[in-house]
Amino acid sequence: MKKASVQEPKFWCAEPIETQLLWRVLLFLVFLHLPSSPFHPQSTPPPHFLSTVFASEASIKITMNQLSGAARLMIVSDLDHTMVDHHDSENLSLLRFNALWESNYRHNSLLVFSTGRSPTLYKQLRKEKPMLTPDITITSVGTEITYGNSMVPDDGWVEFLNQKWDKNIVSEETSKFPELTLQSETEQRPHKVSFYVQKDKAQDVMKALSACLEARGLDVKIIYSGGMDLDILPQGAGKGQALAYLLKKLKATDKLPNNTLACGDSGNDAELFSIPDVYGVMVSNAQEELLHWHAANAKDNPKIIHATERCAAGIIQAIGHFHLGPSTSPRDVTDLMDSKMEKFDPSYEVVRFYLFYERWRRAEVENSELYMANLKAVCCASGVFVHPSGIEQPLCDCVNSLRTCYGDKQGKQFWVWVDQVLPAQIDSHSWLVKFKKWEQSGDKQQCCLTTVVLSSKDASVEEGLTWMHVHQTWLDGTDHNNQTTCLYFGGSATAMAEIGRPASFY
């Protein structure tokens with residue numbers, strides 16, 4: 001085996017039709033990096049062209065920018081105890097949602113996380129749980145709005161919140177209340193001051209504090225949630241106001257979502273359900289203060305439901321209840337090889353492929369020669385996989401290497417998920433699909449940016465798309481030094497051991 005070279009495109013399939021496909025892909029990639037292209041990553045491309053296309057996280061298109069019209073669905077979800085179930089050690093409901101979103105919604109919808117966490121604690125949660133990358137992130141109880149992978153702040157929102165707000169005065173007045181215990185420094189933000197307060201003292205403290213701050217000329221909002229958290233914000237801030245601001249901004253560009261679903265579990269989520277024309281779901285494990293708000297303010301509103309399922313499973317339930325789109329996750333399909341599709345669907349193909357790989361490693365599917373034959377059938381006979389190390393190998397050899405890692409994660413905490421699956425059709429029967437492929441084993445996460453070329457040439461919908469080429473690069477900032485796990489397309493165990501890399505694929 002030899003290192004792949006950007007000057008040698010021969011790692012692509014060599015038959016005439018595949019050669020034609022190569023030129024289509026290269027021309028499309030050139031188009032991706034033209035400043036006038038709608039897919040341009042809005043950053044100056046490094047000198048090595050192909051390596052930039054395959055390796056740069058910035059080259060993963062931000063869905064919000066690529067949508068040509070209104071989003072099919074916008075989900076606005078709280079994180080702790082709503083999207084993320086901290087009582088589910090296997091993260092089953094979150095992984096079910098991930099597979100549903102990436103296979104059916106990512107390419108034409110918007111995912112918004114709205115959390116009380118500061119950016120620091122939000123990023124920490126992402127390292128602990130198998131979470132997707134949202135298109136928009138609302139943090140610090142609606143006081144910060146950011147966009148895309150780089151979390152670019154919304155300056156207009158910052159200017160709006162500066163009105164009638166003085167954090168120094170807030171700190172001065174709250175210091176007079178011994179009942180308040182200041183939260184950690186990471187939770188103190190430019191437009192949010194956060195405390196802990198005992199439940200039986202919360203209402204009296206809020207009433208007195210509100211009067212003090214009003215007397216000092218401030219227009220503030222005090223939010224109590226979770227039975228212990230007290231946040232002081234500008235009056236114009238909050239999860240509901242942040243959502244209203246986003247909807248107004250999207251409407252101004254003729255991209256108001258066809259449907260919006262708000263999801264929450266605690267008191268600071270109540271505002272989300274107050275926005276007109278928004279569907280809402282309180283997950284089954286919703287806290288007392290949110291249920292009381294619902295009983296007092298929205299019990300007769302048919303657009304808001306109290307789900308019977310916990311956390312992300314409740315979100316999926318609401319999608320089905322309100323008929324907002326598909327609500328069957330690929331993780332709910334027992335036999336992935338037997339799943340029926342009505343048309344070629346590159347997003348679903350990618351999700352299904354990597355879900356099968358997880359089940360194979362966990363011995364949740366049969367160690368069958370039929371599965372091996374099916375996998376080989378969907379790989380181009382002369383297709384090539386390029387490992388993040390730069391080693392290239394035939395796809396069919398990678399399928400053979402799967403035999404060596406069957407069941408090696410049986411009974412262990414091991415998950416595989418894909419994120420930001422964005423297909424682009426490059427001709428009548430070919431797609432370029434870019435995404436992040438994640439694995440988590442215990443508390444260790446690894447990720448690589450993946451680019452695949454899929455083809456429907458001489459294939460039926462029942463057979464599925466053919467994998468022509470796979471190219472992976474490590475994502476900066478993730479742990480890829482663990483040599484004991486079996487993560488990606490690879491060669492024989494002996495050959496891969498010689499370069500200190502895993503001996504399997506996907």
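As a summary of the residue check, Pro257 satisfies the conditions (1) within 27 Å of the chain's Cα centre (by Cα); (2) part of a loop (DSSP other than H, G, I, E, B); (3) modelled with pLDDT under 95 except for the one numbered (3). Checked against (1) closer than 23 Å to Asn259 by Cβ; (2) modelled with pLDDT under 90, Gln317 passes all but condition (2).
Among the residues of the range 308-317, are any over 25 Å from Glu358 (Cβ atoms) and surrounded by fewer than 22 Cβ atoms within 10 Å (Cβ to Cβ)? Steps first, answer last, please.
Of the range 308-317, the ones over 25 Å from Glu358 (Cβ atoms) are 308.
Subsequent filtering for residues that are surrounded by fewer than 22 Cβ atoms within 10 Å (Cβ to Cβ) retains 308.
Yes, the conditions are met somewhere in the range 308-317.
Which residues, taken from the range 221-233, are in contact (Cβ under 8 Å) with a residue 40 or more places away in the chain and not charged (D, E, K, R)? Spell out how you get there, then give the answer.
Step one: filter the range 221-233 for residues in contact (Cβ under 8 Å) with a residue 40 or more places away in the chain, giving 223-227, 229-233.
Ile223, Tyr224, Ser225, Gly226, Gly227, Leu230, Ile232, Leu233, listed by residue number.
The requirement of being of a type in the set (S, T, N, Q) and surrounded by fewer than 22 Cβ atoms within 10 Å (Cβ to Cβ) is not satisfied by Thr82.
Checking the structure you have, find out if any residue of the range 75-90 is on the phi > 0 side of the Ramachandran plot and either modelled with pLDDT of 95 or more or acidic (Asp, Glu) (or both). Please lay out each step first, then the result.
Going through the range 75-90, the residues on the phi > 0 side of the Ramachandran plot turn out to be 81.
Still in the list and also either modelled with pLDDT of 95 or more or acidic (Asp, Glu) (or both): 81.
Yes; the residues of the range 75-90 include at least one that is on the phi > 0 side of the Ramachandran plot and either modelled with pLDDT of 95 or more or acidic (Asp, Glu) (or both).
Hey, does the range 277-286 have a residue that's part of a helix (DSSP H, G or I) and either open to solvent by 50 Å² or more (accessible area, probe 1.4 Å) or without any contact (Cβ under 8 Å) to a residue 24 or more places away in the chain (or both)?
Initially, the range 277-286 is screened for residues part of a helix (DSSP H, G or I), giving none.
Checked against the condition, which is being part of a helix (DSSP H, G or I) and either open to solvent by 50 Å² or more (accessible area, probe 1.4 Å) or without any contact (Cβ under 8 Å) to a residue 24 or more places away in the chain (or both), the range 277-286 yields no hits at all.
Scan the range 223-248 for residues that are outside any strand (DSSP E or B) and not small (Gly, Ala, Ser) and the total you get is 9.
Of Leu209, Leu218, all but one fail to be more than 27 Å from His292 (Cα to Cα), free of Cβ contacts under 8 Å to residues at least 60 places away in the same chain and open to solvent by less than 60 Å² (accessible area, probe 1.4 Å); the exception is Leu218.
For the range 322-332, filtering for residues that are open to solvent by 40 Å² or more (accessible area, probe 1.4 Å), touching a residue at least 24 places away in the same chain (Cβ under 8 Å) and within 21 Å of Met282 (Cβ to Cβ) leaves 1. For the range 140-161, a tally of residues being touching a residue at least 40 places away in the same chain (Cβ under 8 Å) and closer than 23 Å to Ser210 by Cα returns 7.
What tally of residues in the range 384-427 results from selecting those that are of a type in the set (Phe, Trp, Tyr) and without any contact (Cβ under 8 Å) to a residue 12 or more places away in the chain? Can you show your working first?
Start the filter on the range 384-427 by keeping residues that are of a type in the set (Phe, Trp, Tyr), which leaves 385, 406, 414-415, 417.
From what is left, the residues that are without any contact (Cβ under 8 Å) to a residue 12 or more places away in the chain are none.
Number satisfying all stated conditions: 0.
With respect to Gly236, determine if the residue is surrounded by 14 or more Cβ atoms within 10 Å (Cβ to Cβ), at positive phi and in contact (Cβ under 8 Å) with a residue 24 or more places away in the chain. For Gly236, the condition - surrounded by 14 or more Cβ atoms within 10 Å (Cβ to Cβ), at positive phi and in contact (Cβ under 8 Å) with a residue 24 or more places away in the chain - is not met.
The values are calculated or read from the model by the stated rules, or taken from the named source; none is laboratory data. Keep in mind it's a predicted model, so treat the numbers as computed, not measured. Glycine also receives a Cβ, built like all others from the backbone with ideal geometry; neighbour counts cover every protein chain displayed. These area figures cover heavy atoms from the full protein model, side chains too; ligands, DNA and RNA do not enter into them. Shrake-Rupley method; radii C 1.70, N 1.55, O 1.52, S 1.80 Å.
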